[in-house]
């Protein structure tokens with residue numbers, strides 16, 4: 001896999017605020033890459049720097065080994081799909097899509113052919129002469145995508161592309177985007193605050209916090225082996241148990257022993273962490289155990305979330321019970337419940 | 001449907017208001033077709049005063065002058081006002097001092113503006129004439145065009161400018177193919193508004209036109225004629241101006257659907 005884009009110690013300062021702080025990344029050819037972070041993490045600023053709309057305060061951006069840090073946006077082989085879609089309201093769907101090709105001064109016949117092709121791909125051929133205001137949100141989203149894709153950029157940037165769609169449509173478009181990315185063989189960099197979206201779509205995820213890169217890894221690794229406590233709690237739900245350390249021995253606040261592999265060189269206050277779906281009802285068979293009273297239950301259809309109050313943790317312990325298990329026994333508020341999990345599912349982080 | 005009577009009363013009031021507004025105008029329009037020419041008695045339908053008007057060289061010259069002043073000042077203020085509106089909107093964070101300065105000519109009394117412009121021209125030793133009227137009209141028209149275009153810009157989605165750049169367009173191409181077409185209805189409406197304001201403007205033109213007959217505009221000409229009584233020709237002239245204004249107004253409203261605030 002060859003590297004398409006390299007970020008070298010990229011910095012962006014707004015006055016005293018470091019919106020992007022020394023981010024270095026390599027993004028490969030044909031990769032579906034997600035920049036994930038809360039609002040204010042610098043992910044959108046980083047994306048705008050790649051598009052050329054924000055000047056770098058430091059560092060370099062290399063595309064195919066060439067420094068494009070100071071190339072203006074209209075001369076970069078990079079296109080951006082805007083969060084608001086930014087369709088031209090006075091142009092039809094076909095005119096919107098043709099605009100970028102007209103800027104390249106391509107012959108008319110080629111422009112028409114490529115516009116027709118991409119309209120067929122996004123299944124909007126019938127609406128080619130409509131104005132953006134006559135389209136639904138999902139259709140606008142596809143026109144915006146087509147307008148950026150039709151230029152065949154080396155890199156397509158997508159700023160919260162599914163943010164304005166309702167939940168059901170979002171699920172369909174996640175797969176659609178992946179299919180289109182595969183079909184066109186273009187590298188996608190997507191900015192999102194939705195961790196589920198990143199997990200579903202991306203080949204690799206970069207987690208940003210306060211303008212710094214926390215972790216960059218494939219979805220499974222980001223989920224199963226978070227780099228630190230913030231990443232662990234940011235992606236999915238994580239139960240965090242404060243532990244006291246005595247050599248290799250870890251004990252929770254109410255005295256139960258936590259068995260886990262402590263990473264080398266980790267000192268100071270520690271926490272043990274375990275995902276809700278790793279907790280098991282047959283606690284006696286597990287290496288680690290906690291018990292407490294059921295505080296509340298939340299029915300989610302395919303599973304039941306049980307919140308358990310335990311002296312070992314300041315926040316309730318959250319456990320996901322699968323539908324069959326939830327039917328097999330009752331979970332009443334106030335009942336005492338013991339939960340267990342294995343040593344291998346336990347992660348240790350600095351507090 | 002609480003009350004049929006209330007509804008009828010409301011209709012009556014509406015009718016009275018419209019009568020109050022439009023009866024004087026219709027009297028004037030009617031009298032322009034009065035054969036006798038006296039406002040006191042109707043002596044039959046005739047177009048002869050229309051003929052008399054088009055034979056009057058002074059009126060024709062004044063109408064020509066007004067047309068020149070209106071067109072040129074509207075054109076200049078449309079270009080400058082649009083650029084001003086875009087510029088101010090881009091740098092709107094700089095605060096409201098600039099905004100107040102732009103809109104001042106709209107609220108300053110015409111008479112003050114007229115005296116100020118006259119003093120300014122004489123200070124610079126500019127010979128007065130049609131060109132000074134045009135310059136003076138640009139001053140206040142600029143504010144109106146700017147206001148109309150800015151109203152449109154308030155709802156302008158700036159991300160389309162970035163989208164255009166991203167798709168490979170230069171700044172000039174973006175202005176020509178994206179910004180101006182989207183703003184076009186407001187720009188045209190602003191231009192038409194400037195034109196109509198300029199056509200019936202009297203005070204400022206009166207102060208800045210100078211003494212020679214060659215630079216008299218239509219409102220000044222009418223004012224000069226009316227000092228010797230309302231002649232039938234004035235009725236005719238007024239009728240034509242009303243017709244012209246209505247057409248322009250209708251055009252402007254049609255073009256600016258959804259452009260002005262509150263529309």
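Any read-out appearing in this document is the output of simple, stated calculations on the displayed coordinates, not a laboratory observation. Everything quoted here is computed from the prediction, not taken from an experiment. Quick reminder, even Gly has a Cβ in these numbers, built from the backbone with ideal geometry, and neighbours come from all protein chains shown.
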- Query: To the nearest whole number, what is the average tally of beta carbon atoms from other chains within 10 Å of the beta carbons of peptide A:88-100?
  - Reply: 4
- Query: With r defined as the distance between the Cβ atoms of residue B:251 and residue A:24 and R0 fixed at 51 Å, what FRET efficiency is calculated, to the nearest 0.05?
  - Reply: 0.30
- Task: Springs between alpha-carbon atoms under 10 Å, Gaussian network over chain B: tell me which of B:253, B:221, B:212 tops the mean-square fluctuations.
- Result: B:212
- Message: Between 0 and 90 degrees, rounded to the nearest ten: what's the tilt of helix A:137-149 against the longest Cα principal axis of chain A?
- Response: 60
- Jot down the per residue volume, in cubic angstrom and as a whole number, of the convex hull over the alpha-carbon atoms of the protein assembly as shown. 282
- Averaged over the residues of B:153-166, the number of partner chain Cβ atoms within 10 Å of each residue's own Cβ comes to 6
- Query: Once you put a point 7 Å from the Cα of residue A:237 and another 7 Å from the Cα of residue A:129, both along the Cβ direction, what distance in nm separates them?
  - Reply: 5.3
- Message: Test of understanding: in a Gaussian network model of chain B with alpha carbons linked when under 10 Å, which of B:85, B:19, B:209 would top the mean-square fluctuation ranking?
- Response: B:19
- Query: Ranked highest first by average number of other Cβ atoms within 10 Å, how do B:25-32, A:159-166, B:130-137 line up?
  - Reply: B:130-137, A:159-166, B:25-32
- Just from its helices, what would the mean residue ellipticity at 222 nm be for chain A, if runs of 4 or more DSSP H residues each count -39500 (n - 2.57) and the sum is divided by every residue, rounded to the nearest 500 deg cm²/dmol? -7500 deg cm²/dmol
- Message: Under the 0.36 nm per residue contour assumption, what length would be gained going from the current alpha-carbon distance of residue B:155 and residue B:4 to full extension?
- Response: 50.2 nm
- Query: Once you put a point 7 Å from the Cα of residue A:259 and another 7 Å from the Cα of residue B:21, both along the Cβ direction, what distance in nm separates them?
  - Reply: 8.9
- Task: Let me see the pair-distance distribution of the stretch A:1-146: every alpha carbon pair, 10 Å bin width, integer percents in order.
- Result: 10, 32, 31, 22, 5, 0
- Message: Within a 10 angstrom radius of the beta carbon, how do A:90, A:16 rank from fewest other beta carbons to most?
- Response: A:16, A:90
- Item | Length gained when the stretch residue A:200-residue A:325 is fully extended (0.36 nm per residue, less Cα-Cα span) | 42.4 nm
- Message: Which three numbers, in whole Å and largest first, are the semi-axes of the equivalent ellipsoid of the stretch A:248-351 derived from its Cα gyration tensor as √(5λ)?
- Response: 26, 14, 12
- Query: Once the Cβ-Cβ distance between residue A:62 and residue A:293 is put in as r, and R0 is 51 Å, what FRET efficiency do you end up with, to the nearest 0.05?
  - Reply: 0.35
- If you build a Gaussian network model of chain B, linking Cα atoms that sit under 10 Å apart, which residue out of B:126, B:148, B:17 swings the most? B:17
- Query: Based on the alpha-carbon gyration tensor of the stretch B:1-101, what equivalent-ellipsoid semi-axes (square roots of 5 times the eigenvalues) come out, in whole Å, largest first?
  - Reply: 42, 34, 9
- Task: Go ahead and run the numbers for FRET between residue A:285 and residue A:183, Cβ-Cβ distance against an R0 of 41 Å, rounding to 0.05.
- Result: 0.30
- Query: Tell me, what is the percent relative contact order of the stretch B:143-236, built from C-alpha pairs under 8 Å that lie six or more residues apart?
  - Reply: 28
- Message: Can you compute the modelled spin-label distance between residue A:13 and residue A:266, with each label point 7 Å from Cα toward Cβ, in nm?
- Response: 3.5
- For the stretch A:248-289, which semi-axes, largest first and in whole Å, follow from the square roots of 5 times the eigenvalues of its Cα gyration tensor? 21, 12, 10
- Averaged over A:70-77, number of beta-carbon atoms from partner chains that fall within 10 Å: 3
- Task: Compute the length gained on full extension between residue B:107 and residue B:223: take 0.36 nm times their separation in residues and subtract their Cα-Cα distance, giving the result in nm to one decimal.
- Result: 39.3 nm
- Task: Compute from the Cα atoms of the stretch A:1-43 the Rg and the Dmax, the latter being the longest Cα-Cα distance, and quote both in angstrom.
- Result: 12.3, 38
- Any idea what angle helix A:167-184 forms with the longest principal axis of chain A, computed on alpha-carbon atoms, 0 to 90 degrees, nearest 10? 60
- Summarise the long-distance tail of P(r) for the stretch B:56-255 by giving the % of C-alpha pairs beyond 27 Å. 39
